DNA sequence: GGCGTCGAGCAT
DNA sequence: GATCATGCTCGACGCC
């Protein structure tokens, strides 16, 4: 893969018509990620946000089909950005409907008239952003199909240009998120934010119905009308249709509330700005375009050409991270946790790993390069030139992303205005995600720009580092060196080590942890840094990637109970399993009441025999699987 | 009942 | 036509 200088004065950036990756030449990369006054958001005050929901009169037991089942109600809520309350609340209803307080009811006798009048409403409100729940896969296509079936003239003009809106079937598939068949409707000039898509991307929940999502984030349930009731209510009286309209209205309002609560608009806008991709890509596309877009900008700045090649897809796998063999058991002494901060990004920076710095053996002879001075050999055997020769694009991108993040975090800490805080937090988050995805993309063998040399060198450095950390800590903190106990690394995964210093005193364990992090950090190239984060006490280490413990950051009181990989955090069990194990862990860790925990399990699941105490200490405390509804 | 394989879901 | 990574545990399932 050749990276060459572009012809003087001309930018030859990889052109990719499909992914619209072409970058406008006048915007510099630095401008995009660098600090921008948050005050610019005040200009967004006039932004109008439409949140809507439709109801259909489905036949019994059949999912509504646009060719058969009519649209009976469309509820709309329009809010100005920054306002607490909407300034428009209305419901377009088929047939007469009793009034609802503070809400405009528009009754129609014909479905065609209702649809075309809703479109006029859309044009009049002229929203900048359209949101709702599952609008991309249901409401938009359904409305379009229905209008087509009823031959409503001019219904499909929803955009701000003279372009018709069309629902297209797209297939979104990625290894990360699995295969998803989605539909996409264009509304040129108006952004779409489907809350279902957003929440499925950003949050892992047991259920994604609007009802359960709202109870999770807003702490309230929507008024649930079973779908079989919808037709029944519609065919009843004005009063029953009013009940349906209320339900529909609430479904329209809740996405707006979720959007505010989760700062979706702020977070996504900042992500679009940092990565330089269109807003709609954030929900419709994957991680790769964001990275490519950033890389294009950086390359453009330096007049570099990114080769437009399609590497043959290979099933090659490379070695990943080390997981230190756990010393399983229950620990009632403090366990200090040391973490490398942004491990992979910092490795890429420290060793200048990049597409533009990768060299081969023949290059070394050709240019007469000197080892360690001009180039380094990674533990994996690949070779990269040092910053003395050329600083890699990836290192520069990461450096800028991470320093921009530090800046955003500083401002966040000083800011008091909740709106500006939300923006800054979104920016900080976007910068972090961007930095962390760089490594993954170099290893994506079926992607656009894989580079296994970078990926496997990164992990090989990581493996070396965690091993060295373990050795250094155990070598230094021992009785022979005047410490009271021999320290022992009992577990570690990728970028972290759990250390048993042996002391029973929390404050002392924290001091040792802090000391160790500084000591080990000094042994590595900048900006690699080992940080002391927390102490677990007590700590239950069940297996690799499965543990629980009380999480302390100050010696006075624990912050929380932390659980990793155990059934309490997994979504593939019934709730009973989750709650029972959660309660048992609480009894063991917080109350330190093991017999009580046994008693509780036995009481809940009588078939579970009472285990003896020694078994629990070995971590075999779980009874037979309790699978039932 | 032990053994291998596969997929889900998590940790990092 | 597009899709960030690997490591690990555990339950389900088929097989003998």
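The values are calculated or read from the model by the stated rules, or taken from the named source; none is laboratory data. Worth saying up front: this structure is predicted, and the values here are computed from it rather than measured. Cβ atoms come from the backbone with ideal geometry, glycine included; neighbour counts cover every protein chain shown.
Among A:283, A:292, A:304, which is the only one that is surrounded by 17 or more Cβ atoms within 10 Å (Cβ to Cβ) and at pLDDT below 90?
Every option except A:304 fails the conditions.
Filtering the stretch A:211-235 down to residues that are exposed (fewer than 13 other Cβ atoms within 10 Å of the Cβ) and not in a helix (DSSP H, G or I), which residue is modelled with the highest pLDDT?
That would be A:235.
Can you go through A:144, A:122, A:196, A:205 and tell me which one is in contact with a strand residue (DSSP E or B) (Cβ under 6 Å, 6 or more places away or on another chain) and either away from DNA strand C (no atom under 16 Å from the Cβ) or under 23 Å from residue A:88 (Cα atoms) (or both)?
A:144
Being farther than 30 Å from residue A:437 by Cα and in contact (Cβ under 8 Å) with a residue 24 or more places away in the chain is the filter here, so list the residues in the stretch A:164-196 that pass it.
A:165, A:167, listed by residue number.
With in contact (Cβ under 8 Å) with a residue 12 or more places away in the chain, exposed (fewer than 14 other Cβ atoms within 10 Å of the Cβ) and outside any helix (DSSP H, G or I) as the only criterion, which of A:131, A:161, A:97 stands out?
Selected residue: A:161, the only one of A:131, A:161, A:97 that is in contact (Cβ under 8 Å) with a residue 12 or more places away in the chain, exposed (fewer than 14 other Cβ atoms within 10 Å of the Cβ) and outside any helix (DSSP H, G or I).
Residue A:168: in a loop (DSSP other than H, G, I, E, B), more than 16 Å from DNA strand B (Cβ to nearest atom) and at pLDDT below 90, yes or no?
It is false that residue A:168 is in a loop (DSSP other than H, G, I, E, B), more than 16 Å from DNA strand B (Cβ to nearest atom) and at pLDDT below 90.
Might you let me know whether the stretch A:465-476 holds any residue that is away from DNA strand B (no atom under 14 Å from the Cβ), touching a helix residue (DSSP H, G or I) at 6+ places or on another chain (Cβ under 9 Å), at pLDDT 95 or above and assigned to a loop (DSSP other than H, G, I, E, B)?
No - not one qualifying residue is present in the stretch A:465-476.
Starting from residues that are more than 12 Å from DNA strand B (Cβ to nearest atom) and under 17 Å from residue A:490 (Cα atoms), keep the ones in the stretch A:540-578 and report whichever is surrounded by the most Cβ atoms within 10 Å (Cβ to Cβ).
A:540
Test residue A:491 against the stated conditions and say whether it is within 16 Å of DNA strand C (Cβ to nearest atom), touching a residue at least 12 places away in the same chain (Cβ under 8 Å) and closer than 24 Å to residue A:555 by Cα.
yes
Among the numbered criteria (1) at negative phi; (2) surrounded by fewer than 18 Cβ atoms within 10 Å (Cβ to Cβ); (3) out of contact with any helix residue (DSSP H, G or I) (no Cβ under 8 Å at 6 or more places or on another chain), which one does residue A:498 miss?
(2)
Yes/no matrix, rows are residues, columns are (1) buried (at least 18 other Cβ atoms within 10 Å of the Cβ); (2) assigned to a helix (DSSP H, G or I); (3) in contact with a strand residue (DSSP E or B) (Cβ under 9 Å, 6 or more places away or on another chain):
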{"site": "A:387", "(1), (2), (3)": "no, no, no"}
{"site": "A:399", "(1), (2), (3)": "no, yes, no"}
{"site": "A:408", "(1), (2), (3)": "yes, yes, no"}
{"site": "A:420", "(1), (2), (3)": "yes, yes, no"}
{"site": "A:424", "(1), (2), (3)": "yes, yes, no"}
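So which residues in the stretch A:547-567 are within 13 Å of DNA strand C (Cβ to nearest atom), over 18 Å from residue A:333 (Cβ atoms) and touching a helix residue (DSSP H, G or I) at 6+ places or on another chain (Cβ under 8 Å)?
A:566, A:567
Conditions: (1) more than 14 Å from DNA strand B (Cβ to nearest atom); (2) over 30 Å from residue A:439 (Cα atoms); (3) touching a strand residue (DSSP E or B) at 6+ places or on another chain (Cβ under 8 Å). Residue A:524 meets all but one. Number of the miss?
(2)
Just a yes or no: is a residue in the stretch A:446-464 within 22 Å of residue A:376 (Cα to Cα), more than 11 Å from DNA strand C (Cβ to nearest atom), part of a helix (DSSP H, G or I) and touching a helix residue (DSSP H, G or I) at 6+ places or on another chain (Cβ under 7 Å)?
Among the residues of the stretch A:446-464, at least one is within 22 Å of residue A:376 (Cα to Cα), more than 11 Å from DNA strand C (Cβ to nearest atom), part of a helix (DSSP H, G or I) and touching a helix residue (DSSP H, G or I) at 6+ places or on another chain (Cβ under 7 Å), which makes the answer yes.
Table: residues versus (1) closer than 30 Å to residue A:99 by Cβ; (2) surrounded by fewer than 16 Cβ atoms within 10 Å (Cβ to Cβ); (3) at pLDDT 85 or above; (4) touching a strand residue (DSSP E or B) at 6+ places or on another chain (Cβ under 7 Å).
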| position | (1), (2), (3), (4) |
| --- | --- |
| A:33 | no, no, no, no |
| A:38 | no, no, no, no |
| A:51 | yes, no, yes, yes |
| A:55 | yes, no, yes, yes |
| A:61 | no, yes, no, no |
| A:64 | yes, no, yes, yes |
| A:68 | no, yes, yes, no |
| A:71 | yes, no, yes, yes |
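Might you check whether a residue that is more than 16 Å from DNA strand C (Cβ to nearest atom), in contact (Cβ under 8 Å) with a residue 24 or more places away in the chain, closer than 19 Å to residue A:549 by Cβ and touching a helix residue (DSSP H, G or I) at 6+ places or on another chain (Cβ under 6 Å) occurs anywhere in the stretch A:506-515?
So far as the stretch A:506-515 goes, no, none of its residues is more than 16 Å from DNA strand C (Cβ to nearest atom), in contact (Cβ under 8 Å) with a residue 24 or more places away in the chain, closer than 19 Å to residue A:549 by Cβ and touching a helix residue (DSSP H, G or I) at 6+ places or on another chain (Cβ under 6 Å).
All but one of (1) closer than 25 Å to residue A:514 by Cβ; (2) surrounded by fewer than 16 Cβ atoms within 10 Å (Cβ to Cβ); (3) within 16 Å of DNA strand B (Cβ to nearest atom) hold for residue A:335; state the number of the condition that does not hold.
Going through the list (1) closer than 25 Å to residue A:514 by Cβ; (2) surrounded by fewer than 16 Cβ atoms within 10 Å (Cβ to Cβ); (3) within 16 Å of DNA strand B (Cβ to nearest atom), residue A:335 breaks only (2).
Residues that are over 30 Å from residue A:205 (Cα atoms) and either modelled with pLDDT of 95 or more or under 24 Å from the mean Cα position of the chain (by Cα) (or both): find the strands (runs of 3 or more DSSP E) completely inside the stretch A:484-577 holding 1 or more of those.
The qualifying strands (runs of 3 or more DSSP E) are A:488-493, A:496-500, A:530-543.
Going through A:303, A:298 one at a time, which residue ends up being over 30 Å from residue A:509 (Cβ atoms), away from DNA strand C (no atom under 11 Å from the Cβ) and out of contact with any helix residue (DSSP H, G or I) (no Cβ under 8 Å at 6 or more places or on another chain)?
Criteria check complete, one pass: A:303.
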